[in-house]
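Read the structure below first, then the notes.
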Amino acid sequence: MVTNDGGNLDTAGLPDSVQQRLLEMWQEPHRDYHGMNHLESGLAALETLGGTQLEKIAFWCHDAVHTNTSPDDEHASVDIAEQLLWGNLTDSELDEVTRLILITINHRPDAQDAAGARVSDADLVGLALDWDAYEENIEGIRVELPELSGRAWRARRRKQVDDLVGRPQLFFTDYGRDHWEDRARVNLLRELDDLR
């Protein structure tokens with residue numbers, strides 16, 4: 001059941017029926033981290049970064065499907081976006097939305113891809129929260145993987161954190177590098193130390 005009508009969200013001009021369907025998906029009961037807070041924080045980050053309407057639509061759609069099976073989830077989310085948005089966007093606009101959704105698989109936009117940089121940064125902005133909020137996000141991700149034993153969870157999470165720490169940069173916009181990069185690295189290194 002939808003408990004949030006989207007009234008406090010940037011709807012990016014989505015038709016009511018599309019917005020309603022996406023809200024239903026974002027509020028599926030198996031979601032914890034990948035739920036409404038992630039949608040709200042990402043849209044707020046895009047606003048801060050000067051995100052366009054198409055970038056916000058892509059963010060609305062990027063986790064439409066979430067089963068913890070990347071990149072299958074992102075490709076399934078592209079399918080949902082195409083179904084819901086066909087006829088509401090031009091072909092080139094829809095192509096751009098689906099391209100931006102796929103950026104969230106690896107969060108490595110090309111250097112000249114300003115739109116991809118904004119969407120990628122918005123998706124990872126949770127890495128740069130204060131420590132308590134960061135920990136709450138990690139607990140939310142853990143809740144979404146109940147089938148994993150404690151050992152399997154820690155191994156999976158350590159691999160993810162190692163990958164992020166090893167990247168030369170996490171954020172690709174100037175704002176993200178200036179305001180989020182250092183805090184995110186501090187959080188990741190602290191989590192990595194806890195995982196050891």
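Could you tell me which of Asn137, Leu148, His107 has its Cα farthest along the dipole of the chain towards the positive end, charges placed at Cβ (Lys, Arg +1; Asp, Glu -1), taken about the Cα centre? Value computed over the given set: Leu148. Between helix 36-49 and the chain there is an angle of about 80 degrees, using the helix long axis and the longest principal axis of the Cα atoms.
Kirkwood hydrodynamic radius (Cα pairs, Å) of the range 14-59? Don't skip to the end; give the middle numbers.
Details: mean 1/r = 0.0889 Å⁻¹.
For the range 14-59, the Kirkwood estimate is 11.3 Å.
Taking all protein chains as shown and a probe of 1.4 angstrom, Asp79 keeps an accessible surface of around 80 Å². Measuring nothing but protein heavy atoms, the accessible surface of the chain at 1.4 Å probe radius is 48 percent carbon and sulfur. For the chain, the longest principal axis of the Cα atoms and the long axis of helix 72-85 meet at an angle of about 20 degrees. Rounded to the nearest 20 debye, the dipole size of the chain about its Cα centre is 760 debye, using +1 on the Cβ of Lys and Arg and -1 on the Cβ of Asp and Glu.
Of Gln19, Leu195, Ala45, whose Cα points farthest to the positive end of the dipole of the chain (charges on the beta-carbon: +1 Lys, Arg; -1 Asp, Glu; origin at the Cα centre)? Farthest towards the positive end: Leu195. Estimated purely from DSSP H runs of n ≥ 4, each contributing -39500 (n - 2.57), the mean residue ellipticity at 222 nm for the chain is -20000 deg cm²/dmol once divided by its residues.
For Glu82 and Ala114, what is the calculated FRET efficiency with R₀ set at 35 Å and r taken between the beta-carbons, to the nearest 0.05? Intermediate results must be reported in sequence, preceding the final value.
Details: r = 24 Å, r/R0 = 0.67.
Calculated value: 0.90.
Give the accessible surface of the range 102-184 per residue, rounded to a whole number of Å², with probe radius 1.4 Å and ligands, DNA and RNA excluded. Intermediate values should be presented prior to the final figure.
Numbers: 4530 Å² over 83 residues.
About 55 Å² of surface per residue is accessible.
Counting only protein heavy atoms and using a 1.4 Å probe, the accessible area of Lys159 comes to about 150 Å². Any idea how far apart Asp130 and Arg151 come out in nm if each label point goes 7 Å out from Cα toward Cβ? Once both label points are built, they end up 3.8 nm from each other.
The values are calculated or read from the model by the stated rules, or taken from the named source; none is laboratory data. For clarity, every value in this text was computed on a predicted model and none was experimentally measured. Neighbour counts run over all protein chains shown; Cβ positions are idealised from the backbone, glycine included. Remember, those area values only see protein heavy atoms, side chains included, never the ligands or the DNA or RNA. Shrake-Rupley method; radii C 1.70, N 1.55, O 1.52, S 1.80 Å.
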